[in-house]
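Student: Okay, here's the structure, questions in a sec.
The values are calculated or read from the model by the stated rules, or taken from the named source; none is laboratory data. Because the structure is a prediction, the values reported are computed rather than measured. Cβ atoms come from the backbone with ideal geometry, glycine included; neighbour counts cover every protein chain shown. What goes into the accessible areas is simple: the full protein's heavy atoms, side chains included, and nothing from ligands, DNA or RNA. Shrake-Rupley method; radii C 1.70, N 1.55, O 1.52, S 1.80 Å.
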Amino acid sequence: MASRSPGKLRNYRWKELGLLIIPFIILLLGMIQLLLIHDNANTFSVKSLPTLQELIPILGLIGVLVGTNILFSFFFPKADQILLPLVGLLSGIGVLMALRLGPDVGDPTAGTRQLAWVILGLFVCIGTLFGLRNMRWLSRYKYTAALLGILLVAFTLVNALRVKNFNSPTHDQLNFGPFNLQPSELLKILIVIFFAAYLSENRDILAQGNLRIGPLRLPPLRQLGPLALMLAIALLLFLGVRELGLALLIYGIFLSMIYLGSGKLSYVIGGLIIFIILGFVGYKLFGYVRDRFTVLGIDVIHWTSASDALYQTSGFQIVQGLIALASGGILGAGLGLGHPASVPVVQSDFIFTALGEELGLAGLFAIIGIYLLILYRGYRIAIEASDPFHQLLAAGLTSIFAIQALIIIAGNMKFLPLTGIPLPFLSYGGSSIIANYIIIGILLRISHNTAQEREGLA
């Protein structure tokens, strides 16, 4: 028995545990600062420090992260050791911001609910790792995944069509008693599973591109059909749900996956041309799309009567967000010391501006750096995977984080039309948290399986 103990200690995920110390310190300091500001502690003393009971939300999250680390060490010691600390830090910051913003936006229990969703997300991540011991069945049931995605869209469209005003966007949301589900959060995962399985089976034919349309080479019609069908889902979302962000996300996933599966840049160029044409049609059909593009032209430096008219109508949210970002400066006002609640829907759609106001440009660079590290680890898992399906699946799921973060950050900064999709791990909302942790669970499972396969070959 004594000889087995050193082996277990060597298999322990010490790197992951050591990296978790950084988020633990940041989250504890952030929680203490919020409590001190809430208690109006003008002078620092030992008596003004928060009690352990007041720190329970963050201590509970830290405890669950440590428990997850221990569980991974026993059952999945070969899985990537960098992802959990990164997403744990982002999720913790999201909980802190929900605790901080909740009372200001009239929802004092927002932080508690966000914490519950994060903890549930970690359990779902663990369940995903246990449930996907053999991931080949995901490839075999690719059409089932596609059908489930279509059904989710169909239910969403039924709700969306009840709204009589077709010139206003609606959010994809299904209500199940006290729970609200956003089907698009599950749809994006199902689409990646379908594309990964389909492209891995047909990558040789797709790479040939023997169908010519002018200077462009496209896949054969027989192989292009299923891809076009899934792409039509994005158009249904755009036309039926009237949510620009969902269409951008799904179409971005389509373009990235077809490039990863075929290596043909011409497919991406052809897809972008089609997207521009369809975007122009949508611009002409829907007034709310025209309004969002019009807001991009608002001049906040040289204020005019036209700027004022936009500010009073469709441009209020984006202008308030830009003011919040500008007021944050380099180092920010400090956590809990800004006024981010002046931005509408700041806890979800505009969480990036709240972070910019209170953490400053330095804090935003740090957060973007964390996202870049997540992308690096995800793509590295994809590169190291030995199976084409696993490679495409890991790369496609990682691309979701990249596209989603790019769309919402660019929208908050007035580089792209404003959309309502959440910023991964930071925005308030349960569906997004659960879906993101499912993605992390799949990536960890792929990395664990890859390491085991390499050891078996060695």
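Student: Every residue in the stretch 383-393 that is open to solvent by less than 10 Å² (accessible area, probe 1.4 Å) and out of contact with any Lys or Arg (no Cβ under 9 Å at 6 or more places or on another chain), please.
Tutor: Hits for the stretch 383-393 are 385, 393.
Student: What pairs come out if I take residues in the stretch 359-388 that are closer than 19 Å to residue 399 by Cβ and pair them with residues that are hydroxyl-bearing (Ser, Thr, Tyr) whose C-beta lies under 7 Å away, six or more apart or interchain?
Tutor: 375/398; 378/398; 379/398; 381/447; 382/398; 384/450; 385/450; 388/200
Student: Tell me, which residue of the stretch 97-118 that is open to solvent by 40 Å² or more (accessible area, probe 1.4 Å) and assigned to a helix (DSSP H, G or I) is nearest to residue 440 (Cα to Cα)?
Tutor: Only one residue fits best here, namely 117.
Student: Follow-up question, since we're still on this one. Could you please find all residues in the stretch 401-448 being of a type in the set (Phe, Trp, Tyr) and not in a helix (DSSP H, G or I)?
Tutor: 415, 425, 428
Student: Here is a further query. Identify the single condition in (1) at pLDDT below 95; (2) in a helix (DSSP H, G or I) that residue 370 does not satisfy, given that it satisfies every other one.
Tutor: (1)
Student: Taking the criterion of being small (Gly, Ala, Ser), over 29 Å from residue 192 (Cα atoms) and modelled with pLDDT under 80, would at least one residue in the stretch 317-340 satisfy it?
Tutor: No: the stretch 317-340 contains no residue that is small (Gly, Ala, Ser), over 29 Å from residue 192 (Cα atoms) and modelled with pLDDT under 80.
Student: Here's something else I'd like to know. List the residue pairs whose Cβ atoms are under 6 Å apart, where the first residue sits in the stretch 294-315 and is without any contact (Cβ under 8 Å) to a residue 40 or more places away in the chain, the second is open to solvent by 50 Å² or more (accessible area, probe 1.4 Å), and the two are 6 or more positions apart or on different chains.
Tutor: Here the result reads 307/299; 314/291, each pair linking the stretch 294-315 to a residue that is open to solvent by 50 Å² or more (accessible area, probe 1.4 Å).
One line per residue, one yes/no per condition, for (1) of a type in the set (Ser, Thr, Tyr); (2) over 22 Å from residue 261 (Cα atoms):
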position	(1), (2)
347	no, yes
356	no, yes
362	no, yes
376	yes, no
382	no, no
399	yes, no
408	no, yes
442	no, no
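Student: Just the residues that are among the hydroxyl-bearing types (Ser, Thr, Tyr) and more than 23 Å from residue 397 (Cα to Cα), please, taken from the stretch 344-358.
Tutor: Once the filter is applied, which keeps residues that are among the hydroxyl-bearing types (Ser, Thr, Tyr) and more than 23 Å from residue 397 (Cα to Cα), the stretch 344-358 yields only 353.
Student: Consider residue 360 against the criteria (1) at pLDDT 95 or above; (2) on the phi > 0 side of the Ramachandran plot: it satisfies all of them except one. Which criterion is unmet?
Tutor: (1)
Student: Conditions first: (1) modelled with pLDDT under 95; (2) of a type in the set (Ser, Thr, Tyr); (3) assigned to a helix (DSSP H, G or I). Residue 379 passes all but one, so which condition is the exception?
Tutor: All conditions are met except number (1).
Every residue, every condition in (1) part of a helix (DSSP H, G or I); (2) surrounded by fewer than 18 Cβ atoms within 10 Å (Cβ to Cβ), yes or no:
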{"site": "345", "(1), (2)": "no, yes"}
{"site": "357", "(1), (2)": "yes, no"}
{"site": "361", "(1), (2)": "yes, yes"}
{"site": "364", "(1), (2)": "yes, no"}
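Student: Output yes when any residue across the stretch 64-82 is modelled with pLDDT of 90 or more, among the charged types (D, E, K, R), farther than 29 Å from residue 108 by Cβ and surrounded by fewer than 13 Cβ atoms within 10 Å (Cβ to Cβ), and no when none is.
Tutor: Checked against the condition, which is being modelled with pLDDT of 90 or more, among the charged types (D, E, K, R), farther than 29 Å from residue 108 by Cβ and surrounded by fewer than 13 Cβ atoms within 10 Å (Cβ to Cβ), the stretch 64-82 yields no hits at all.
Student: On the basis of being over 26 Å from residue 23 (Cβ atoms) and surrounded by 23 or more Cβ atoms within 10 Å (Cβ to Cβ), does residue 378 make the cut?
Tutor: No, not satisfied.
Student: Here's a follow-up. Can we say residue 395 is over 9 Å from the mean Cα position of the chain (by Cα) and either modelled with pLDDT of 90 or more or acidic (Asp, Glu) (or both)?
Tutor: Spelling it out, residue 395 is indeed over 9 Å from the mean Cα position of the chain (by Cα) and either modelled with pLDDT of 90 or more or acidic (Asp, Glu) (or both).
Student: For the structure I just gave you, tell me whether residue 401 is modelled with pLDDT of 90 or more and in contact with a Phe, Trp or Tyr (Cβ under 9 Å, 6 or more places away or on another chain). Write out each step before concluding.
Tutor: Numbers: modelled with pLDDT of 90 or more: yes; in contact with a Phe, Trp or Tyr (Cβ under 9 Å, 6 or more places away or on another chain): yes.
It is true that residue 401 is modelled with pLDDT of 90 or more and in contact with a Phe, Trp or Tyr (Cβ under 9 Å, 6 or more places away or on another chain).
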